[in-house]
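Undergrad: Sharing a structure, written as structure tokens. Questions coming.
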Amino acid sequence: MVIHVVNWGDILWKIAKYYNSSVDRIVEVNNLHDPNKLLVGQSLLIPTDDTLYTIKYGDVLWRIAEKYGVSVENIMKTNSIINPNFLYPGTKITIPQREKKKIDVNGYIYMLGNDSVPIIEEVGDNLTYLSPFAYLIKEDGGLQGLDDMAAIKTAISENIVPMMAITNFSVTSKGENLAREVLNNPRIIQKLQTNIINIMKEKGYKGLNIDFENVLPSDREAYNRFLKSTVDIMHKEGFFVSTALAPKINKDQVGLLYEAHDYEAHGKIVDFVVLMTYEWGWRGGPPRAISPVNEMERVLDYAVTVIPTDKILMGFQIYARDWTLPFVGGREAETFSVQEAIDRAYKYKATIQYDVISQSPFYQYTDENGIAHEVWFEDARSAQAKFDLVKDYNLRGLSYWVLGYPFQQNWELLADNFTVRKR
């Protein structure tokens with residue numbers, strides 16, 4: 001795959017011809033509704049099977065390498081080029097294939113029941129784990145039920161490992177007091193662990209994901225002890241255990257979301273962790289990138305110092321948000337799919353911009369009522385930037401929050417970059 005950013009005057013058939021691709025294939029991988037409508041600043045994935053490139057007058061090797069997403073060194077090695085400064089027009093060179101790293105990919109999903117089936121089937125080849133979200137713990141160690149059987153059965157049919165997710169928070173409660181009640185009572189913990197095992201065995205789950213958030217700082221060690229005892233019990237039963245961690249940038253980061261999440265302890269205790277590296281641009285805050293690469297790098301810089309890299313799944317959100325301007329506190333942004341973000345940009349004839357610091361696309365528009373809006377979303381460029389982080393930090397893989405928001409470019413590009421493990 002090659003990424004092309006649309007400029008003024010670009011026409012799809014000319015783009016296809018330049019890259020030795022076809023209009024039909026470009027339309028397919030980018031889910032273009034109308035191939036005659038392109039937006040300035042829009043990124044397009046260009047599929048090409050052509051491994052031969054003909055040197056043109058003015059070509060330089062680094063630009064060819066950048067165009068095809070490979071390194072200059074690999075091009076030189078493949079073609080026995082001694083001096084990259086001497087390229088002769090008309091010469092045909094072979095473009096080497098990208099080396100694909102093997103990774104694990106998790107997908108959280110909260111659209112459950114029969115609605116989950118087509119979602120899982122569509123992206124099943126790209127997932128190692130599926131995590132229906134989520135079983136809410138109760139004060140007595142019970143678990144609130146979840147309509148997850150259709151999702152589990154579909155996951156198994158797609159050779160995806162079902163991973164049970166439990167949490168302490170809901171849309172109406174942060175869950176800090178609930179966590180305190182459970183984590184400090186051995187009798188409740190034992191009951192909770194028994195209930196988890198019973199559900200896992202009954203429904204076919206193979207592993208557990210623990211997403212306890214807003215745990216009080218004074219309960220940090222109680223949380224660690226709970227993890228240790230849970231892992232010991234789950235391992236004896238043949239299950240694996242993972243946790244979801246808030247995006248910390250240092251050990252002593254303050255705040256209810258961070259303080260009880262002990263990165264070093266989790267890295268030692270559980271089988272792997274999911275870093276929740278998203279939601280900087282949250283629906284109740286001002287408009288900004290939802291998963292900015294510069295902020296994700298800060299989290300990873302700390303995480304890899306205390307957690308083995310082969311235990312880290314980096315979180316990646318795959319939805320867009322639309323804020324009304326000027327931003328007013330208490331007014332929530334609208335959340336929708338990347339595909340809807342593109343459709344909305346078409347509708348309002350917006351010019352897509354790209355923030356190079358966060359490596360995220362955005363645009364502004366004015367609606368029919370004269371209200372200004374700002375939309376932040378993801379595209380091929382921002383997805384590739386995140387995939388590069390997985391490679392640069394040599395991580396175990398990715399975790400998507402959350403399935404059910406169409407983003408065709410992501411899945412095409414994921415397969416182009418990585419080989420997804422099936423366990």
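Undergrad: Report yes if Asn184 is free of Cβ contacts under 8 Å to residues at least 12 places away in the same chain and out of contact with any Leu (no Cβ under 7 Å at 6 or more places or on another chain), otherwise no.
TA: So Asn184 does not fit the description; no.
Undergrad: Exactly one condition in (1) of a type in the set (Gly, Ala, Ser); (2) farther than 19 Å from Tyr405 by Cα; (3) part of a helix (DSSP H, G or I) is false for Ala155; which is it?
TA: (2)
Undergrad: Please verify whether region 145-153 includes one or more residues that are surrounded by 15 or more Cβ atoms within 10 Å (Cβ to Cβ) and of a type in the set (Lys, Arg).
TA: yes
Undergrad: Exactly one condition in (1) under 24 Å from the mean Cα position of the chain (by Cα); (2) surrounded by 17 or more Cβ atoms within 10 Å (Cβ to Cβ); (3) closer than 16 Å to Val6 by Cα is not met by Leu38; state its number.
TA: (1)
Undergrad: Name every residue in region 159-174 that is out of contact with any Leu (no Cβ under 7 Å at 6 or more places or on another chain), part of a loop (DSSP other than H, G, I, E, B) and either closer than 20 Å to Glu122 by Cα or not basic (Lys, Arg) (or both), in order of residue number.
TA: Asn159, Phe169, Val171, Thr172
Undergrad: Related question: So, in region 367-399, of the ones that are of a type in the set (Gly, Ala, Ser) and out of contact with any helix residue (DSSP H, G or I) (no Cβ under 7 Å at 6 or more places or on another chain), which residue ends up nearest to Asn417 (Cα to Cα)?
TA: Ser382
Undergrad: Examine region 335-347 for a residue that is of a type in the set (D, E, K, R) and crowded, with 17+ Cβ neighbours inside 10 Å, and state whether such a residue exists.
TA: yes
Undergrad: Separate question: Specify which of the listed residues (Met276, Met296) is at pLDDT 95 or above and over 29 Å from Asn184 (Cβ atoms).
TA: Met296
Undergrad: Within region 56-76, track down each residue that is surrounded by 16 or more Cβ atoms within 10 Å (Cβ to Cβ) and among the aliphatic types (A, V, I, L, M).
TA: The answer is Leu61, Ile64, Ala65, Val70, Val72, Ile75, Met76.
Undergrad: Just give me the residues in region 82-111 being more than 19 Å from the chain's Cα centre (by Cα) and either buried (at least 17 other Cβ atoms within 10 Å of the Cβ) or aromatic (Phe, Trp, Tyr) (or both), in sequence order.
TA: Phe86, Leu87, Tyr88, Ile93, Ile95, Pro96, listed by residue number.
Undergrad: Shifting gears a bit: Out of all the residues in region 172-187, is one or more within 28 Å of Ser229 (Cβ to Cβ), polar (S, T, N, Q) and buried (at least 19 other Cβ atoms within 10 Å of the Cβ)?
TA: No; the residues of region 172-187 include none that is within 28 Å of Ser229 (Cβ to Cβ), polar (S, T, N, Q) and buried (at least 19 other Cβ atoms within 10 Å of the Cβ).
The values are calculated or read from the model by the stated rules, or taken from the named source; none is laboratory data. These numbers come from a predicted model, not from an experiment. Virtual Cβ from ideal backbone geometry, glycine too; neighbours counted across all protein chains shown.
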